[in-house]
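The values are calculated or read from the model by the stated rules, or taken from the named source; none is laboratory data. Quick caveat, the model's predicted, so the values are computed rather than measured. Reconstructed Cβ throughout: ideal geometry from the backbone, glycine too, with neighbour counts over all protein chains shown. Please note that ligands, DNA and RNA were not included when accessible areas were found on the heavy atoms of the full protein model with its side chains. Shrake-Rupley method; radii C 1.70, N 1.55, O 1.52, S 1.80 Å.
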Amino acid sequence: MKYILTWRRASSILLFVFFVLSIRWSLLDNSPPAWDQGLYLYQSAGLHHVLQESGFWNFCTAVFNVDRGRVPLILMLVQPAFYFFEISLDAAVISLNFSWLILAWSIHGIVQRIGRNINTEKAYFFAFAFFGFYPLTVMLSHNFLVELSLSAWVCASIYSILMLQQTKQVRWSFTAGLFIGLGLLTKVTFVVFVFPMVGLVLLRLMKEMTYRELTTLILPACVITAIISCPYYLYNIKPIFSMTTFLSSKELAKLYGFGDVFDFSTIINYWSSVFISPVFLITACLFIFGSLRLSGKIKGFLYFFKNWNFLLMLAWFFIPFVLATFGEIKDPRYLFPALIPIFIISGIAAAYTLESNRILIFGSAIFLILLLPSYLYSNAFLGERQFTNFVNVLGIHMLRQSDQPPDPREWKTDQLVRHIGGYFDKKWANNKVVFLGGGRYYHLRLLDYEGLIIGVAPHYLTLPYYEDPDMSLEKALNFIYTSGSSGVLFKSGENWPKFSSRLDLKIIEILKNDPRYAAYDLGIEQPDGSRFTFFQNKAFLTVPIHSPSEVTGGWKVGGGVAAIDARDEKTVTVTTETGVRALAVIRDGSIYVQDWGVSGTITADAESIRWSNGSIWRKTAAR
């Protein structure tokens, strides 16, 4: 018993370390959220504004409509932290790190179900350590992404299903329904990781129970899953299907530089990105021992498929692995929840092989030498030079596989958005900005988020590369000129992805020489040396009116023509397109029509008058 408690305490300490250091990393890091993280942060911040300003019912309506192509649970999980603290990336990341608690509980339970008669506390310690030290786990715990919480719901669902099969108690049916419903609202690919297991367990239960007993047992799981997830899926089924199809399409994969789906080198590179790490250097060997352990270790691999527990672990890993290998978008994090059974079996193998104290000490030393350095480097306990020297001494290149340490540099994103806002005429709503290029710290949703927080929220546009990947320079310029945008934003230096920035430099050279635009260096230099230039469209920049001569003439309004005629140095007659006349005075740089209660200013290109009621008059040819 004392031996068991020792391993249990060690596992609790490990959980505490993973949780606390993930939070510490988030607090030390100043880098802005990347692409997906920025999207989730912007959407969750928008939902929080709806909750505060419009109430709970409108919040629920907004949840169903904020992004109809994706499922919304990640956006809802962070709302309590936003309420009690403030809207921030740190609050969001820390909220998702509570997934560690569910992961610890469920992985421990699965190890107990799978591990048979070995020391399951020792097996759980190693399984959880492999999981926590894996570089992709470290990265996910540092970012506002769905995969950590998705893995928690996957593990909790599978544990509940295993307990349902073993105990045949209805309470586990309720538990399974809860976690499956939450998983379905976390990511649509949840079904790939869990439903094969559900099918296998159902087949097993059909052999062990009558139809009536089985129906009674699984009905709560089905009802709860439907109550939690079906309303959202039924309301958004078409957008979800369209988005899922687009995100897994060959066209998108081609844009982002993924190779052909069946190309051997592409598959090998993908496998390398998943499995070349210190963790798998250890688990590659232990996986064999764990497999032998589960099969009874008598006649080797021929008995694998006769072992029910191994079959479940195999289904959990192999089905998503095959789909990911031959999928169009080969991103390692999409496979992440399917790697957990490897860690579980390796943990069981470690408990089996490290039975004597001498082997345990030796194995633990190897474990620490291989796994700790990259983890310490990722959490800023080892400097770049120390980490590099350690890797060079051992001569094991894969030890370099680690997440980046926290970035303490100031990227000035909020300053950038404030500077851009300074070029907008505050009297006019719906300002648009054409956004050129992009990068890790410079993308649409990041600027949208910062604008939402500080109250400067123009509508950012991008060139339609997704619809027209081979867009010509002429088409790109035509899009900019006809977009009705207040200006164009450009960042110097390297931009990514390449396909969405290939025309940027040519466009910028043309805008520099276009009299309709005024170029301004925003005076912000990011840590990577990049600077920002804003090309302001003079048609959206209003300037003071000094004399009637600046506004006299004909003006297009809808389908008609209005007119302004001078009377004296400060007074003009305004005639609308319908023939209605009124006197107006030039005062304080604006034209005032007292009888109508409106005022207007002229744009810098002298081509438009913008009225305070939202109307825009555009200059006609000279009369």
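Only one of these is assigned to a helix (DSSP H, G or I), in contact (Cβ under 8 Å) with a residue 40 or more places away in the chain, out of contact with any Pro (no Cβ under 7 Å at 6 or more places or on another chain) and not β-branched (Val, Ile, Thr): Ser31, Ser12, Ser44. Name it.
Ser44
Identify all residues within region 590-623 that are outside any strand (DSSP E or B), surrounded by 13 or more Cβ atoms within 10 Å (Cβ to Cβ) and among the small types (Gly, Ala, Ser); write none if there are none.
Passing the criteria: Ala604, Ala606, Ser612, Ser615.
I'd like to verify a number: residues in region 198-245 that are open to solvent by less than 30 Å² (accessible area, probe 1.4 Å) and either polar (S, T, N, Q) or in contact with a Ser or Thr (Cβ under 8 Å, 6 or more places away or on another chain) (or both), how many?
Residues meeting the conditions: 6.
Give, as residue ranges, the helices (runs of 4 or more DSSP H) completely inside region 57-150 that count at least 2 residues that are among the aliphatic types (A, V, I, L, M) and closer than 21 Å to Ile342 by Cα.
Values: elements: 73-77, 79-84, 89-96, 99-114, 120-133, 135-141.
By residue number, 99-114, 120-133, 135-141.
Please go through region 458-470 and pick out each residue that is within 29 Å of Gly421 (Cβ to Cβ) and open to solvent by less than 50 Å² (accessible area, probe 1.4 Å).
Pro458, Tyr460, Leu461, Leu463, Pro464, Tyr465
Considering only region 448-465, state which residues are within 24 Å of Leu252 (Cα to Cα) and in contact with a helix residue (DSSP H, G or I) (Cβ under 7 Å, 6 or more places away or on another chain).
Result: Asp448, Tyr460, Thr462, Leu463, Pro464, Tyr465.
Restricting to region 567-608, give me the number of residues that are more than 54 Å from the chain's Cα centre (by Cα) and either among the charged types (D, E, K, R) or farther than 23 Å from Lys556 by Cβ (or both).
So the count comes out to 6.
Any residue that is surrounded by 14 or more Cβ atoms within 10 Å (Cβ to Cβ), charged (D, E, K, R) and either assigned to a loop (DSSP other than H, G, I, E, B) or at pLDDT below 90 (or both) - is there at least one of those in region 510-520?
Scanning region 510-520, I find at least one residue that is surrounded by 14 or more Cβ atoms within 10 Å (Cβ to Cβ), charged (D, E, K, R) and either assigned to a loop (DSSP other than H, G, I, E, B) or at pLDDT below 90 (or both), so the answer is yes.
Only one of these conditions is not met by Ser500: (1) surrounded by 14 or more Cβ atoms within 10 Å (Cβ to Cβ); (2) over 27 Å from Gly257 (Cα atoms); (3) of a type in the set (Ser, Thr, Tyr). Which number is it?
(2)
Does region 568-577 include one or more residues that are surrounded by 14 or more Cβ atoms within 10 Å (Cβ to Cβ) and closer than 30 Å to Asp36 by Cβ?
Scanning region 568-577, I find no residue that is surrounded by 14 or more Cβ atoms within 10 Å (Cβ to Cβ) and closer than 30 Å to Asp36 by Cβ, so the answer is no.
Within region 184-259, which helices (runs of 4 or more DSSP H) (wholly inside it) include 1 or more residues that are small (Gly, Ala, Ser) and without any contact (Cβ under 8 Å) to a residue 60 or more places away in the chain? Talk me through it step by step, then tell me what you get.
Values: elements: 190-208, 211-247, 250-255.
Hits in region 184-259: 190-208, 211-247.
Here is a check on your reading of the model: is Asn430 outside any loop (DSSP other than H, G, I, E, B), modelled with pLDDT under 90 and surrounded by fewer than 17 Cβ atoms within 10 Å (Cβ to Cβ)? Before the answer, list the steps.
Working: outside any loop (DSSP other than H, G, I, E, B): no; modelled with pLDDT under 90: yes; surrounded by fewer than 17 Cβ atoms within 10 Å (Cβ to Cβ): yes.
No: the conditions fail for Asn430.
Taking Thr533, is it assigned to a loop (DSSP other than H, G, I, E, B), among the β-branched types (Val, Ile, Thr) and either within 18 Å of Tyr423 (Cβ to Cβ) or free of Cβ contacts under 8 Å to residues at least 40 places away in the same chain (or both)?
no
Looking at region 548-560, which of its residues are open to solvent by 40 Å² or more (accessible area, probe 1.4 Å) and in a loop (DSSP other than H, G, I, E, B)?
Thr552, Gly558, Gly559
With the structure loaded, tell me whether Trp7 is in contact with a helix residue (DSSP H, G or I) (Cβ under 9 Å, 6 or more places away or on another chain) and either at pLDDT 95 or above or under 30 Å from Tyr442 (Cβ atoms) (or both) or whether it fails that test.
Numbers: in contact with a helix residue (DSSP H, G or I) (Cβ under 9 Å, 6 or more places away or on another chain): yes; either at pLDDT 95 or above or under 30 Å from Tyr442 (Cβ atoms) (or both): no.
When the stated conditions are applied, Trp7 does not pass them.
List pairs: first residue in region 315-343 and over 13 Å from Trp271 (Cβ atoms), second residue acidic (Asp, Glu) and part of a helix (DSSP H, G or I) anywhere in the structure, Cβ distance under 9 angstrom, at least six positions apart or on different chains.
Every condition considered, the pairs that remain are Glu328/Glu251; Arg333/Glu147; Tyr334/Glu147; Phe336/Glu147; Pro337/Glu147.
For the subset of region 320-365 comprising residues that are open to solvent by less than 30 Å² (accessible area, probe 1.4 Å) and assigned to a loop (DSSP other than H, G, I, E, B), which member is modelled with the lowest pLDDT?
Checking each candidate, the answer is Leu354.
Just name the residue that is most open to solvent (accessible area, probe 1.4 Å) out of those in region 266-301 that are at pLDDT 80 or above and of a type in the set (Phe, Trp, Tyr).
In this case the residue turns out to be Trp271.
Is it the case, given these coordinates, that Leu89 is more than 24 Å from Phe321 (Cα to Cα), buried (at least 24 other Cβ atoms within 10 Å of the Cβ) and under 16 Å from the mean Cα position of the chain (by Cα)?
Numbers: more than 24 Å from Phe321 (Cα to Cα): yes; buried (at least 24 other Cβ atoms within 10 Å of the Cβ): no; under 16 Å from the mean Cα position of the chain (by Cα): yes.
Considered against the rule, which asks whether it is more than 24 Å from Phe321 (Cα to Cα), buried (at least 24 other Cβ atoms within 10 Å of the Cβ) and under 16 Å from the mean Cα position of the chain (by Cα), Leu89 comes out as no.
Considering only residues that are in a loop (DSSP other than H, G, I, E, B) and surrounded by fewer than 15 Cβ atoms within 10 Å (Cβ to Cβ), which ones fall in region 471-483?
Hit for region 471-483 is Ser472, nothing else.
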